[in-house]
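A quick write-up on the structure given underneath.
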Amino acid sequence: MTQAYPSPDLSVNLGGIQMANPVAVASGTFGYGQEYEKFVDIAAIGALIVKGTTLTARPGNPNPRIVETPAGMLNAIGLENPGVDVFLDEYLPYLHAKNVTVIANIAGNSIEEYAALAARLEGQEGIAGIELNISCPNVKQGGLQFGTDPDTVYQVVKTVKGETGLPVLPKLSPNVTDIVAIARAAEAAGADALSMINTLMGMAISVQERQPVLANVFGGLSGPAIKPVALRMVYQVYQEVGIPILGGGGIMCCEDALEFIMAGATAVSIGTGNFVHPRLALDIVQGISDYMQAHEIEHLQAIKGCAVR
């Protein structure tokens, strides 16, 4: 009788964040987890990256602020959230009690705001790491996004690292000329891992109304349409940095996730797919496990970056 191959080890360490499996859910696509509890055991997900948090409450952009595209969606939510104090007082204790691995996503309009947020999160029980949304306008530099300039990325990451001992993952914007330069700057500043990629800028126009569909005109494009771009960027950056990568962009199935891992990602994040299939993250976890067992792979490290040449 042939002995069954043992269950593979799906655990990964993402720059100091210990995950039971390599699948996270992306910020802004899973709320605070409670919204999905009817469909999925949120504690079984590798990590839950909560909705973007700012120092004070924000109402977000006016409607319409979401529109479907042929292979994804555009969103211009505008960081609607109740502010960091509400997150810490109302949402974090619930997630901590559920044993959810929580990564807080923070956003600011100045380096000082990022620093203040990091300091506020420091020492809070139940937070495993901090993801930096650096696709925000720097009001002190005329609205240029933090994530599009290597020097500014360095400054933000360095400042945040000075305020917290938690693992820090800047989320890289794809709307740049050289993603590797941005990644290197983040690593040099002390980033523990990289989250990539954020959405691509896009727009839609109503030919009937003859005007932009989104009230904000431009929005972030996500979903399957951006997967080839995201995969290429992960592949490039993996060869140039020594810190782990949380890769994502248009992942809709197990095979998509495996592509990112083979391109060099330590873990993957599911975003738009959560809106299509609430159980997608756990289905992908099972799919990765089945693939590893079928191919007698004991640990993901064996295939991480295997496609890079």
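For the reader, a short list of remarks on this structure follows.
- Output for region 46-81, where each listed residue is closer than 12 Å to ILE106 by Cα and either touching a Phe, Trp or Tyr at 6+ places or on another chain (Cβ under 7 Å) or part of a strand (DSSP E or B) (or both): ILE49, VAL50, LYS51, THR53, ASN81
- As a summary of the residue check, MET201 satisfies the conditions (1) of a type in the set (A, V, I, L, M, F, W, C); (2) closer than 22 Å to VAL25 by Cα; (3) touching a Pro at 6+ places or on another chain (Cβ under 6 Å); (4) surrounded by fewer than 18 Cβ atoms within 10 Å (Cβ to Cβ) except for the one numbered (3).
- In region 228-250, residue farthest from GLU37 (Cα to Cα) [restricted to those that are of a type in the set (Val, Ile, Thr) and in a helix (DSSP H, G or I)]: VAL237
- Some residue of region 78-89 being buried (at least 17 other Cβ atoms within 10 Å of the Cβ), more than 26 Å from LEU221 (Cβ to Cβ) and not aliphatic (A, V, I, L, M): yes
- In region 20-65, the residues that are closer than 19 Å to LEU121 by Cα and of a type in the set (Lys, Arg): LYS51, ARG58
- Scanning region 268-297 for residues that are in a loop (DSSP other than H, G, I, E, B) and not hydrophobic (A, V, I, L, M, F, W, C) yields GLY271, THR272, HIS277, PRO278, ARG279, HIS295, GLU296.
- For region 251-267, a tally of residues being surrounded by 24 or more Cβ atoms within 10 Å (Cβ to Cβ) and either touching an Asp or Glu at 6+ places or on another chain (Cβ under 8 Å) or part of a loop (DSSP other than H, G, I, E, B) (or both) returns 4.
- Selection of region 19-49 for residues being buried (at least 24 other Cβ atoms within 10 Å of the Cβ), of a type in the set (Gly, Ala, Ser) and closer than 21 Å to GLY287 by Cα yields ALA24, ALA26, GLY46, ALA47.
Throughout, read-outs are computed from the coordinates displayed, never taken from laboratory work. Note that the structure is predicted; figures quoted are calculated from it, not measured. No Cβ is skipped: glycine too gets one built from the backbone with ideal geometry, and neighbour counts run over all protein chains shown.
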